[in-house]
Amino acid sequence: MKTLSRGALGLGLLTALLAGLTFVNTSPPSRAADTGRIEIDSRPITNFHIGRSETRFSPLEFVGGLEMSSTAADFGALSAFRFMQPGGDFIGVADTGFWYFGTVLRDGQQKPTGIGDFRMAAMFDRAGKISSDKWQVDAEGLALKDGVATVGFERDHRIAQFRIEPDAMKPAFDDLDFLIPKAELRSNRGFETVAFSNPAGPLAGAMVIVSEKSLDKQGNIFAAIVDGPGKGVFTVKRNGEFDITDGAFLPGGDLLLLERSFSMAAGVKMRLRRIDGATIAKGKVADGPILFTADMAYQIDNMEGLDVWTRDDGALMVSMVSDDNHSILQRNLYLEFILHND
């Protein structure tokens, strides 16, 4: 175990320069039907701002993080995850076409110390087969409800539903109507966010999907309310050069969006934006304030997955994972924050 140092900054910047805007995978997965249990080496991240000890970043308070690695060839490309048990057991999807499962291990102060019981299994494509073609299994978004995992795929754009059976995942049992005209969805800029709204909020528990960067004529990002009385297409205001990589609803009904940008000059950045729940409605343009932006001076990488959960003591938690694109120059990170309302 060791604390990550400033050297990670230069490594991350080099990664950004080499990976470019598309974050291309550098090695294909094996696509075995079931890779089984995988040992994860987790190194703690104790300082989010590299070389500094502060923990408060606007409304976010850094709790801790992990840099995860493994000798297993299929490990990586973690594009979305959700907790099945708050802060503990989780399920996720990799954009190379894998399910992954595991548990966040913690110390007595509830800080993350490692990942346990981690395993992976190949996803099935639309035809119910294990496919070696990434475009058929490019899973990017994930939501959970009543034992069902709803997954957003890009390239072969679809919103598919699977029964959650960690030791025996099967093909999708349903494909949902995603409402957005398929011609408006860009090949590698499709569904990154799949999230259920708060049942007590203005959307009454409806499912919401948001694309990464499929833009309308006004330059806003296509999204939709998939079901419920408010069903319909809306857009999210694009703010700067950031693209959407995931999202989760807050208890009050607002949507927390994880966003990413890249430039040759600045490298990779991540951002959290709080979308006003009242602006999420058919035909409207949803928008909201930026909560926090982090650049390569912070412990970030290609941040792609987000979940919101409540800790036993009532703290509202925000957890994120990164996608290393199976590049030896990138990192798989797990980051955890308290979201304060003050």
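The values are calculated or read from the model by the stated rules, or taken from the named source; none is laboratory data. Quick caveat, the model's predicted, so the values are computed rather than measured. All Cβ positions, glycine included, derive from the backbone under ideal geometry; neighbour counts span all protein chains shown.
Scan the stretch 45-80 residue by residue and report those that are part of a loop (DSSP other than H, G, I, E, B), crowded, with 22+ Cβ neighbours inside 10 Å and not aromatic (Phe, Trp, Tyr).
Of everything in the stretch 45-80, those that are part of a loop (DSSP other than H, G, I, E, B), crowded, with 22+ Cβ neighbours inside 10 Å and not aromatic (Phe, Trp, Tyr) turn out to be ASP74, GLY76, ALA77.
Give SER187, SER211 a once-over and let me know the one that is modelled with pLDDT of 95 or more, of a type in the set (Ser, Thr, Tyr) and touching a Phe, Trp or Tyr at 6+ places or on another chain (Cβ under 9 Å).
SER211
Of the conditions (1) within 24 Å of VAL148 (Cα to Cα); (2) surrounded by fewer than 17 Cβ atoms within 10 Å (Cβ to Cβ); (3) under 19 Å from the mean Cα position of the chain (by Cα), GLY252 clears all except one; give me its number.
All conditions pass for GLY252, except number (3).
Filter the stretch 184-197 for residues that are over 13 Å from SER214 (Cα atoms) and in a strand (DSSP E or B) and give the result.
The answer is VAL194, ALA195, PHE196.
Let's see how each residue does on (1) closer than 19 Å to VAL318 by Cβ; (2) free of Cβ contacts under 8 Å to residues at least 12 places away in the same chain:
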| site | (1), (2) |
| --- | --- |
| ASP95 | no, no |
| GLY102 | yes, no |
| GLY108 | no, yes |
| ALA122 | no, no |
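Would you pick out the residues in the stretch 136-183 that are over 16 Å from ALA223 (Cα atoms), acidic (Asp, Glu) and assigned to a loop (DSSP other than H, G, I, E, B)?
Result: ASP138, ASP146, ASP156, GLU165, ASP167.
Given the options PHE90, PHE124, PHE101, name the one that is touching an Asp or Glu at 6+ places or on another chain (Cβ under 9 Å) and surrounded by fewer than 24 Cβ atoms within 10 Å (Cβ to Cβ).
PHE101
Any idea which of (1) surrounded by fewer than 21 Cβ atoms within 10 Å (Cβ to Cβ); (2) part of a strand (DSSP E or B); (3) in contact (Cβ under 8 Å) with a residue 40 or more places away in the chain is the one THR293 doesn't satisfy?
(3)
Could you list all residues from the stretch 298-325 that are assigned to a loop (DSSP other than H, G, I, E, B) and surrounded by fewer than 17 Cβ atoms within 10 Å (Cβ to Cβ)?
Scanning the stretch 298-325 gives ARG311, ASP312, ASP313, GLY314, ALA315.
Could you check how many residues of the stretch 319-331 are modelled with pLDDT of 95 or more and over 12 Å from the mean Cα position of the chain (by Cα)?
So the answer is 1.
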